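The values are calculated or read from the model by the stated rules, or taken from the named source; none is laboratory data. The structure presented is a predicted model; accordingly, all values stated were derived computationally and were not measured. Because the Cβ atoms are built from the backbone with ideal geometry, glycine has one as well, and the counts that use them run over all protein chains shown.
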Amino acid sequence: MAGSHPSKTTLARLLYDEKEVKRHFKVRAWVCVSDEFDISNISKVIYQSVSGETKEFTDLNLLQEALREKLKEKLFLIVLDDVWSVSYADWDKLVSPFLVGAPGSRIIMTTRKEQLLRKLGYADLVPLPSLSHDDALSLFAQHALGVDNFDSHPTLKPHGEGFVKKCDGLPLALISLGRLLRTKKDEEEWKMLLDSEIWRLENEDEIVPALRLSSFCLFEAGVCILLLVPQGLSVPQGGVDSVVGGRRIFAPLY
């Protein structure tokens, strides 16, 4: 499955957790790959999933040989979620232990990199469509307001529609942004985020701006201070309350 639509992960998970699939494939593994294509780490996660062991290996060759033994003549299902690497050499090295599996074994890969699938010989790709405007707005409202509409907050609806447009109907972006705004009902705060410069940053790493926003705003300063002070954070402010002093430390970051 290819494209930037986050629902490809949801679809893969539904297939992976389906009862009939579990009955058919006795050996299964799920790995979230993302942008760092670490063959050793991916192989380790798969090995732990199919063996139930947390054994350590001194090098990749030994790890892959052990994995090969666990998969030999077994009917398996392996899901590689959110693969970014387009290196055919990386892929070839990773899947070498999979070749000993029983006929009918399957590998499901989700990726936003169509060129990788084309390199592997898959020409007929079916991209997942984005949500309709109304469905996207309803999803966003559900996570931002706790209801699936803006009836109780009509002044926020134009800003909500703006977020939906900027997120291009992508569910993961809408959910993340909605959760970020869940405790913020002030129109000015919504407007400030909607007008943020982050929407205009170059998107070289293909991370949706809404996900950047949710990462940057994950913890408010007060929450961070309350987490740090009990851990022994020293805030020498000449008798000033430690939380007040902590706020002074965070102030230059905003």
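Every test in (1) surrounded by 15 or more Cβ atoms within 10 Å (Cβ to Cβ); (2) modelled with pLDDT of 90 or more; (3) in contact with a strand residue (DSSP E or B) (Cβ under 8 Å, 6 or more places away or on another chain) is passed by HIS153 save one, and that test is (3).
Considering (1) closer than 17 Å to ARG112 by Cβ; (2) of a type outside the set (Lys, Arg); (3) out of contact with any Leu (no Cβ under 8 Å at 6 or more places or on another chain), the lone condition that SER85 does not fulfil carries the number (3).
For beta carbons closer than 8 Å, sequence separation of 6+ or different chains, a first residue in segment 155-182 that is at positive phi and a second that is modelled with pLDDT of 85 or more and surrounded by 19 or more Cβ atoms within 10 Å (Cβ to Cβ), the qualifying pairs are GLY169/ALA136.
Of all the listed residues (SER138, SER105), the sole one being outside the structural domain of ILE198 (by TED's automatic domain parsing), polar (S, T, N, Q) and surrounded by 14 or more Cβ atoms within 10 Å (Cβ to Cβ) is SER105. The requirement of being farther than 24 Å from LEU174 by Cα, touching a helix residue (DSSP H, G or I) at 6+ places or on another chain (Cβ under 6 Å), of a type outside the set (A, V, I, L, M, F, W, C) and outside any helix (DSSP H, G or I) is fulfilled nowhere in segment 16-25; no residue meets it. Restricting the first member to segment 77-97 and to residues that are surrounded by 15 or more Cβ atoms within 10 Å (Cβ to Cβ), and the second to residues that are acidic (Asp, Glu), the beta-carbon pairs closer than 6 Å and six or more apart or on different chains are TRP84/ASP35. Checked against the criterion of being in the same structural domain as ILE108 (by TED's automatic domain parsing), at pLDDT 95 or above and among the acidic types (Asp, Glu), the candidates GLU18, GLU36, GLU56, GLU65 yield just one match: GLU65. Out of everything in segment 32-63 that is of a type in the set (S, T, N, Q) and outside any loop (DSSP other than H, G, I, E, B), what residue ends up being surrounded by the fewest Cβ atoms within 10 Å (Cβ to Cβ)? Within segment 32-63, the match that is surrounded by the fewest Cβ atoms within 10 Å (Cβ to Cβ) is ASN61. Remark: pairs (first residue in segment 100-120, of a type outside the set (Phe, Trp, Tyr) and part of a loop (DSSP other than H, G, I, E, B); second residue surrounded by fewer than 18 Cβ atoms within 10 Å (Cβ to Cβ) and modelled with pLDDT of 75 or more; Cβ separation under 6 Å; 6+ apart in sequence or on different chains) = GLY101/LYS74; ALA102/GLU73; ALA102/LYS74; ALA102/LEU75; GLY104/LEU75; SER105/LEU75; LYS113/VAL86. In the set ALA29, ALA12, ALA66, only one residue is crowded, with 16+ Cβ neighbours inside 10 Å and more than 18 Å from the chain's Cα centre (by Cα); that residue is ALA66.
Checking each residue in segment 169-185 for being in contact with a helix residue (DSSP H, G or I) (Cβ under 9 Å, 6 or more places away or on another chain) and part of a loop (DSSP other than H, G, I, E, B) picks out GLY169, LEU170, LEU181, ARG182, LYS184, LYS185.
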